[in-house]
Amino acid sequence: MTVDQAARCPYRDDDRLAADPCADYLPLRGEEPVRWDEDLEVWIVSGFRETTALLRHPALSAAWPQRGTTSLHRAGEGEGRAAEVVRRWFMFNDDPEHAAARRIVAPLFAAERLAAMRPVVEELVDELLAGRTDGLEVMADLAVPLSSRVICRILGLPEEVAPRLHDWAPDIAALLIADYLPEVRTRGHRALQEIADVVDETLRSEVREGTGLWLLRNAHREGAIEAADIWATASLLIYAGFETTSTFIGKAVRAALHADAWAGLQSGEPASVVDELLRFDTSVQQVARVATAPVEVSGHLIAEGDLVLLMLGVANRDPAVFADPDLLDYGREIRRHLTFGFGAHYCLGAGLARLESEIVLERLGSGWAGLVLDGQPVTRQHFGITVLEHLAVRGTAS
């Protein structure tokens, strides 16, 4: 990438922008890469090498909804962490249970299946962009309907269910963050129950062969999983497949425009461009783990039972690993970033997220001349998560 195509982090020292998770967490780079937070009662890990090591450490469990508590949870009302259906999500379980559950739906994201999905996604993107000649609301008009329709198709849910994902996702997201609040539990449990109802209704009809629900139903009939695991895995794929991908699509467009790097999109290899955007503004900023035994890292001793927050977004901007990390550089050679995690829990849907993002950026980059922001992006705080709500752009469709 040439110097004039490179641009520095658009979220720093820019009064035009509302608060962004990337900017919120970057000051952690001034702290130790591993430190104990007395207020939150958690370990915060922000260094790339330390985060990588802990993501694959056998004594750090992904089952934090079952095992992890903070002072906020101890002071909260009602039952313990999260809902039972969430505790069954394979991303919140360890091997061998995690591996066995993941294996059931892994065929949905195999390379050959994703290749077959490419023309489907291309057709959906073209349909969503059709008739829009001068302006676009990236989230409402493109990212949200695309991601919701794609994951419904993969699972085998009716297309008319897709609009409901946008309502379910924030309530489930809040449940994962602030389940010590009674109103959060109520809304989150309601969303999960509505998903279970939709899944049951679909299973009573003819389920398309090869879809997610077809695989889960067969696994249940063979005794490999319980009925509750069908609801759990379906809700996990609905939430993760929709929320993280739609968020990243919006963030990628926003970052490229704010960094004055939109014109350079077409000059790079699509996969490399997407990887740099994934590194630059990570859609999932952090993941949690709980220690099942003492763990030593960077001179610190994490005690058994301690909660650990692994700051993926900050690690992806670690200057010890990425030269000039606040530079958006489509030509950057990235050996590895942590946007999709690392190790056994590496995101199962990473290939699908890349596929959708590549196609969106290709269609917008080649089909819209002079694309620019049409007003300031709108974000809102939702129980500690910064949500990109609106991203209006304008240009000329070619």
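How about segment 30-54: which of its residues are touching a Lys or Arg at 6+ places or on another chain (Cβ under 7 Å) and either modelled with pLDDT under 80 or not hydrophobic (A, V, I, L, M, F, W, C) (or both)?
If the condition is that a residue be touching a Lys or Arg at 6+ places or on another chain (Cβ under 7 Å) and either modelled with pLDDT under 80 or not hydrophobic (A, V, I, L, M, F, W, C) (or both), then 46 is the only one that fits.
Within segment 355-387, how many residues turn out to be under 28 Å from residue 154 (Cβ atoms) and either hydroxyl-bearing (Ser, Thr, Tyr) or at pLDDT 80 or above (or both)?
16
How many of the residues making up segment 205-233 are under 13 Å from residue 156 (Cβ atoms) and either over 27 Å from the mean Cα position of the chain (by Cα) or outside any helix (DSSP H, G or I) (or both)?
Taking segment 205-233 first, the residues under 13 Å from residue 156 (Cβ atoms) are 205-218, 230, 233.
So of that shortlist, the ones also either over 27 Å from the mean Cα position of the chain (by Cα) or outside any helix (DSSP H, G or I) (or both) come out as 205-211, 218.
So the count comes out to 8.
Residue 60 versus (1) at pLDDT below 60; (2) of a type in the set (A, V, I, L, M); (3) under 17 Å from residue 292 (Cβ atoms): which is the lone unmet condition?
Failed condition: (1).
Residue pairs, Cβ under 7 Å, 6 or more apart or interchain, first in segment 192-204 and under 16 Å from residue 83 (Cα atoms) and part of a helix (DSSP H, G or I), second modelled with pLDDT of 95 or more and not hydrophobic (A, V, I, L, M, F, W, C). List them.
192/235; 195/235
All but one of (1) farther than 27 Å from residue 379 by Cα; (2) in a strand (DSSP E or B) hold for residue 305; state the number of the condition that does not hold.
That leaves (2) as the condition not met.
Between 128, 136, which is at pLDDT 95 or above, more than 26 Å from residue 217 (Cα to Cα) and crowded, with 17+ Cβ neighbours inside 10 Å? Full working, then the answer.
Details: 136 fails: at pLDDT 95 or above.
On inspection, the qualifying residue turns out to be 128.
Which of the residues belonging to segment 92-143 are closer than 14 Å to residue 360 by Cα and charged (D, E, K, R)?
Within segment 92-143, 118, 122, 123, 126, 127, 137, 141 qualify.
Which ones in segment 298-324 are within 22 Å of residue 247 (Cα to Cα) and surrounded by 21 or more Cβ atoms within 10 Å (Cβ to Cβ)?
310, 311, 312, 313, 314, 315, 316, 317
Answer yes or no: is there a residue in segment 130-137 that is touching a helix residue (DSSP H, G or I) at 6+ places or on another chain (Cβ under 7 Å), among the small types (Gly, Ala, Ser) and in contact (Cβ under 8 Å) with a residue 24 or more places away in the chain.
No, segment 130-137 has no match at all.
For a quick check of your reading of the model, give me the residue pairs whose first member lies in segment 244-268 and is on the phi > 0 side of the Ramachandran plot, whose second is of a type outside the set (S, T, N, Q) and surrounded by fewer than 23 Cβ atoms within 10 Å (Cβ to Cβ), with beta-carbon atoms closer than 6 Å and at least 6 apart or on different chains.
Filtered contacts from segment 244-268: 260/7.
Go through 153, 185, 113, 164 for me and flag whichever is surrounded by 14 or more Cβ atoms within 10 Å (Cβ to Cβ), touching a residue at least 60 places away in the same chain (Cβ under 8 Å) and not aliphatic (A, V, I, L, M). Quick ask: steps written out before the conclusion?
Values: 153 fails: touching a residue at least 60 places away in the same chain (Cβ under 8 Å); 113 fails: touching a residue at least 60 places away in the same chain (Cβ under 8 Å); 164 fails: touching a residue at least 60 places away in the same chain (Cβ under 8 Å).
None of the others qualify; the one that does is 185.
Which condition number in (1) out of contact with any helix residue (DSSP H, G or I) (no Cβ under 6 Å at 6 or more places or on another chain); (2) touching a residue at least 24 places away in the same chain (Cβ under 8 Å) is the one that residue 122 fails?
(1)
Please note which helices (runs of 4 or more DSSP H) are completely contained in segment 86-178 and include at least 2 residues that are polar (S, T, N, Q).
Qualifying helices (runs of 4 or more DSSP H): 144-155.
Could you check segment 264-319 and list, in sequence order, the residues that are among the basic types (Lys, Arg) and over 17 Å from residue 40 (Cα atoms)?
Residues of segment 264-319 among the basic types (Lys, Arg): 279, 289, 317.
Listed by number, the residues that qualify are 279, 317.
Consider residue 397 carefully, then state whether it is surrounded by fewer than 17 Cβ atoms within 10 Å (Cβ to Cβ) and either modelled with pLDDT under 95 or out of contact with any Asp or Glu (no Cβ under 6 Å at 6 or more places or on another chain) (or both). Don't jump to the end; show me each part of the working.
Details: surrounded by fewer than 17 Cβ atoms within 10 Å (Cβ to Cβ): yes; either modelled with pLDDT under 95 or out of contact with any Asp or Glu (no Cβ under 6 Å at 6 or more places or on another chain) (or both): yes.
Yes; evaluated as a whole, the condition is true for this residue.
Give the number of residues within segment 280-297 that are at pLDDT 95 or above and either more than 23 Å from residue 63 (Cβ to Cβ) or assigned to a helix (DSSP H, G or I) (or both).
So the answer is 0.
The values are calculated or read from the model by the stated rules, or taken from the named source; none is laboratory data. Please read all numbers here as calculations on a predicted model, not as lab measurements. Virtual Cβ from ideal backbone geometry, glycine too; neighbours counted across all protein chains shown.
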